[in-house]
Amino acid sequence: MNDLNNKPICLIYQPLGIGDVFFCQGIGKHYLDRGYRVIWPLASHVMYLKDYIDSPEVEFVDILSDFPGKDKYMIQYNDPWALHPMNTDGDFVFLSLSNAQYRVKDSSLMISKYDLVGLDFRTWRDNFKFIRNTERENNLYYNILGLKDDESYVFLNKKYGTPPHYNEAPFNIDTDSKIIEMQFIPGDNLFDWLKVIENASMVVTVDTSYQYLMEKMDTLKATDFYCYPRSGKEDWIPIIDKIFTKVNWNYFTT
């Protein structure tokens, strides 16, 4: 019998958003280390993540496919904010991470995901790794955006959420510098923008999945980083500031 079939299963409910999937890789790693077969269904339109997240033992599968425990998974998927039964131990673990903030008292939106299984959320950074596609990055940088090596510009991103469902933060910047604003370009994905971000002289962004990527990059040229909390409120700043500690973010609201 295949060894995979002998392992206990950990089924993770976190099909979106992209930043949440990045952040929760430490939880998947925890169960891998405990000998579990970790199955992580993703929404069909973000299945490309499996080609970039460097966690080969995690089984990223399309939610439309068949996988162990799908009947239980779909109960939560079809009623995402309901607190359906969940278990964190045994031969079949089902972790409903998307609504963890409603399951853990006195915790916050993101940190509650780790509190749910008794882990330190700060381990997310050590357990999230990704692979870059230089060819795709160069195509966006040189061919689509027409940028040149050593060109000075500000990287601006006001979009948050996962297409086709996303929002735009209501802020503008006042600068004489060239601005390269992130756009959703057909055929490209968020990883294709890494070279643009890496070579920017300044970064201005709403809080979004790009911050998780930047926290893992040692080649950022910018020294000034500005972040607008997606809630537009200052009370959101302490929550995200606990997660993003490597890059020195300057937070602002309108």
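The values are calculated or read from the model by the stated rules, or taken from the named source; none is laboratory data. Please read these numbers as outputs of a predicted model, since none were measured by experiment. Here the Cβ positions follow ideal geometry from the backbone for every residue, glycine too, while neighbour counts run over all protein chains shown. With ligands, DNA and RNA removed, areas are computed over all heavy atoms of the protein, side chains included. Shrake-Rupley method; radii C 1.70, N 1.55, O 1.52, S 1.80 Å.
Of the trypsin sites (Lys or Arg not before Pro) found in segment 93-137, those in coil by DSSP whose Cβ has at most 16 other Cβ atoms within 10 Å are ARG103, LYS105, LYS129, ARG132. Rg/Rh for segment 7-149 stands at 1.03; both radii use Cα atoms, and Rh follows the Kirkwood definition. Rolling a 1.4 Å probe over the protein heavy atoms gives segment 147-254 an accessible area of 49 Å² per residue. Here the accessible area is traced with a 1.4 Å probe on the protein chains. For segment 99-241, carbon and sulfur cover 45 percent of it.
Most simply put, the chain has about 20% antiparallel DSSP beta bridges, counting only bridges with both residues inside it.
Ordered by 1.4 Å accessible area with all protein chains kept, SER96, SER177 run largest first as SER177, SER96.
Among beta bridges from DSSP that stay inside segment 149-243, the antiparallel ones total about 25%. Of ILE144, SER108, VAL206, which is farthest on the positive side of the dipole of the chain, counting Cα position, with +1 on Lys and Arg Cβ, -1 on Asp and Glu Cβ, and the Cα centre as origin? Of the candidates, SER108 comes out farthest on the positive side.
Hull surface divided by four, with the convex hull built on the Cα atoms of segment 111-155: how many nm²?
Averaged projected hull area, Cα only: 5.3 nm².
A straight line joining the Cα centroids of segment 1-70 and segment 188-205 runs 27 Å. Across the protein chains, with a 1.4 Å probe defining accessible surface, the residues SER108, SER201 rank SER201, SER108 from largest area downward.
Among LYS72, LYS195, LYS178, the order of accessible area from largest down is LYS178, LYS72, LYS195, computed with a 1.4 Å probe on protein heavy atoms. Reported value for segment 193-254: 76 Å³ per residue, from the convex hull of its C-alpha atoms. Within segment 162-215, all pairs of alpha-carbon atoms sorted by distance into 5 Å bins from zero give the percentages 4, 13, 30, 27, 20, 6, 1.
Size of segment 40-94 from its Cα atoms: along the principal axes, largest to smallest, the extents are 31, 25, 19 Å. At the residue level, HIS165 shows approximately 150 square angstrom of accessible surface with a 1.4 angstrom probe and all protein chains present. Listed by chain and number, the aspartates and glutamates placed with their C-alpha closer than 13 angstrom to that of LYS195 are GLU135, GLU137, ASP149, ASP150, GLU151, ASP218; residues fewer than eight positions away on the same chain are left out. For segment 162-230, the dipole from Cβ point charges (+1 on Lys and Arg, -1 on Asp and Glu) about the Cα centre works out to 100 debye, to the nearest 20. Under 5 Å from the amide H of MET202 lie the amide H atoms of TYR153, PHE155, each residue being 5 or more positions distant or on a separate chain, with H modelled from the backbone and absent for Pro and chain starts.
Applying a threshold of 24 Å to the alpha-carbon distances of LYS72/LYS113; LYS105/LYS242; LYS158/LYS242; LYS72/LYS129; LYS70/LYS105 flags LYS72/LYS129; LYS70/LYS105 as lying beyond it. Directionally averaged projected area (segment 103-254, Cα convex hull): 10.0 nm².
For segment 1-159, a simple Cβ point-charge model (Lys and Arg +1, Asp and Glu -1, everything else neutral) yields a dipole of about 320 debye relative to the Cα centre.
Placing unit charges on the Cβ atoms of the charged side chains and taking the dipole of segment 3-61 about its Cα centre, the candidate lying farthest along the positive direction among PHE23, ASN6, VAL58 is ASN6. Shape analysis of segment 1-68 based on the Cα gyration tensor places the equivalent ellipsoid semi-axes at 19, 14, 10 Å, largest first. Once Rh is set to the Kirkwood radius over Cα pairs, what Stokes-Einstein translational diffusion coefficient, in µm²/s, holds for the chain at a temperature of 10 °C and a viscosity of 1.306 mPa s? Reported coefficient: 82 µm²/s.
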